[in-house]
Amino acid sequence: MIEIIPAVDIIGGRCVRLSQGDYNRARVYDAPPLDMALRYQDAGVTRLHLVDLDGAKADGPVNLKVLEEIASKTSLAIEIGGGIKSEDALRAVFDCGAQYAICGSIAVRQPELFAGWIELFGPERVILGADLRDGKVSISGWLSDSDLTIHDLIGQFPAISQIICTDISRDGMLQGPSFDLYSELQGQYPGIDFTVSGGISSMRDIEQLEARSLRKVIVGKAIYENRITLKEISQWLQNG
């Protein structure tokens with residue numbers, strides 16, 4: 001059964017959602033990050049996707065206190081991304097309670113360093129974040145684009161086993177994910193767990209991804225906008 005991973009995106013310690021990665025189109029939600037995490041846990045979710053959007057634009061993680069609070073007050077396995085651009089930053093997120101670290105920009109800019117992290121910490125803990133805009137990998141909090149395709153990036157890291165792939169054009173738009181993109185990637189690289197990210201608008205989207213043998217999916221704005229309810233997620237998990 002496909003694993004549903006709710007997203008909590010943070011700016012200034014508060015929950016937000018962007019549209020197509022645009023910081024100028026951020027919508028702030030009233031629920032504190034810990035409250036959202038506890039709601040997800042109560043629904044039966046076991047894994048949380050945490051994004052430090054401040055850290056993505058900075059030299060390192062900014063919202064470590066939020067991570068530490070959620071890790072200490074829930075039993076959720078937390079994957080975090082945003083600002084992990086040095087080994088010190090990587091160790092800091094693990095020390096604050098993250099089980100998984102998502103690295104994107106560093107994999108593009110310093111692939112040898114990132115490959116070393118995979119070897120040092122293990123592919124089960126270090127996740128490659130591949131955010132795509134017009135077929136090319138975007139970096140620095142989606143503020144700039146590289147010349148690499150996702151296939152170029154994957155080819156540099158034969159040991160990688162987990163990739164979170166975001167189609168930026170779909171992110172936060174509630175128009176459905178890029179089904180064909182993810183199906184093709186999962187079929188071409190069966191040894192890698194691809195996590196679908198961007199565009200989920202309903203449980204129907206998740207059902208279609210399940211039918212296409214995708215293994216993980218991140219859901220964010222659809223929950224905040226009540227397109228997908230926690231009751232629906234709980235029922236999905238129970239039925240599975």
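The values are calculated or read from the model by the stated rules, or taken from the named source; none is laboratory data. Please read all numbers here as calculations on a predicted model, not as lab measurements. Here the Cβ is made from the backbone with ideal geometry for all residues, glycine too, and neighbour counts use every protein chain on show. In case anyone asks, the SASA skips ligands and DNA or RNA and just uses the protein heavy atoms, side chains included. Shrake-Rupley method; radii C 1.70, N 1.55, O 1.52, S 1.80 Å.
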Worksheet item: Among the listed residues Ile118, Ile102, which satisfies the condition of being touching a Gly at 6+ places or on another chain (Cβ under 6 Å) and modelled with pLDDT of 95 or more?
Response: Ile102
Worksheet item: Can you tell me which of Ser138, Ser144, Ser178, Ser183 is crowded, with 17+ Cβ neighbours inside 10 Å, hydroxyl-bearing (Ser, Thr, Tyr) and over 27 Å from Glu207 (Cα atoms)?
Response: Ser138
Worksheet entry | Gly129 being in contact (Cβ under 8 Å) with a residue 24 or more places away in the chain, over 21 Å from Gly198 (Cα atoms), not in a helix (DSSP H, G or I) and not aromatic (Phe, Trp, Tyr) | no
Worksheet, complete the sentence: Counting only residues that are of a type outside the set (Gly, Ala, Ser) and open to solvent by 40 Å² or more (accessible area, probe 1.4 Å), the stretch 124-135 contains a total of 4
Discussion item. Let me spell it out: the conditions are (1) over 25 Å from Asp22 (Cβ atoms); (2) free of Cβ contacts under 8 Å to residues at least 24 places away in the same chain, and Trp117 meets all of them except one. Which number is the exception?
Written reply: (2)
Response to the item:
Only one of Ile163, Ile168 is of a type in the set (Val, Ile, Thr) and either modelled with pLDDT of 95 or more or within 22 Å of Phe114 (Cα to Cα) (or both), namely Ile163
Fill in: Answer from Ile10, Ile4 - the residue that is in a strand (DSSP E or B), within 30 Å of Ser213 (Cβ to Cβ) and open to solvent by less than 10 Å² (accessible area, probe 1.4 Å)
Ile4
